[in-house]
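What follows is a short report on a single structure.
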């Protein structure tokens, strides 16, 4: 059996940002976490009437125009918009 060679991997964090059900920034998310808040609520982004589940963890108050132009945002799926918004501003 071959012996595992330990690796010296390094990670560099160049910035932090987030878009999630608890907040749209790291500080807002952290405050919600330490306050014990939940990101789960009744679904508001579409009509959940045809579905059995009426609750979800949605990202609320998210506007892509806070990060990029409306024109560019229209050409992206919502998950891609979250990735763009969560990109650190230092890039």
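Just name the residue that is modelled with the lowest pLDDT out of those in region 1-22 that are surrounded by 10 or more Cβ atoms within 10 Å (Cβ to Cβ) and in a loop (DSSP other than H, G, I, E, B). Reasoning before the result, please.
So in region 1-22, the residues surrounded by 10 or more Cβ atoms within 10 Å (Cβ to Cβ) come out as 15-22.
Among the residues that remain, those that are also in a loop (DSSP other than H, G, I, E, B) are: 15-19, 21-22.
Values: 15: 72, 16: 78, 17: 84, 18: 86, 19: 87, 21: 95, 22: 95.
Result: 15.
Of all residues in region 53-75, which are surrounded by 13 or more Cβ atoms within 10 Å (Cβ to Cβ), without any contact (Cβ under 8 Å) to a residue 24 or more places away in the chain and closer than 22 Å to residue 39 by Cβ?
56, 64, 67, listed by residue number.
Mind checking which helices (runs of 4 or more DSSP H) fall wholly inside region 23-86 and carry at least 2 residues that are in contact with a strand residue (DSSP E or B) (Cβ under 9 Å, 6 or more places away or on another chain)? Talk me through it step by step, then tell me what you get.
Numbers: elements: 26-35, 70-74, 78-86.
Hits in region 23-86: 26-35, 78-86.
The values are calculated or read from the model by the stated rules, or taken from the named source; none is laboratory data. Small disclaimer: the values here were computed from a predicted structure and weren't measured. Quick reminder, even Gly has a Cβ in these numbers, built from the backbone with ideal geometry, and neighbours come from all protein chains shown.
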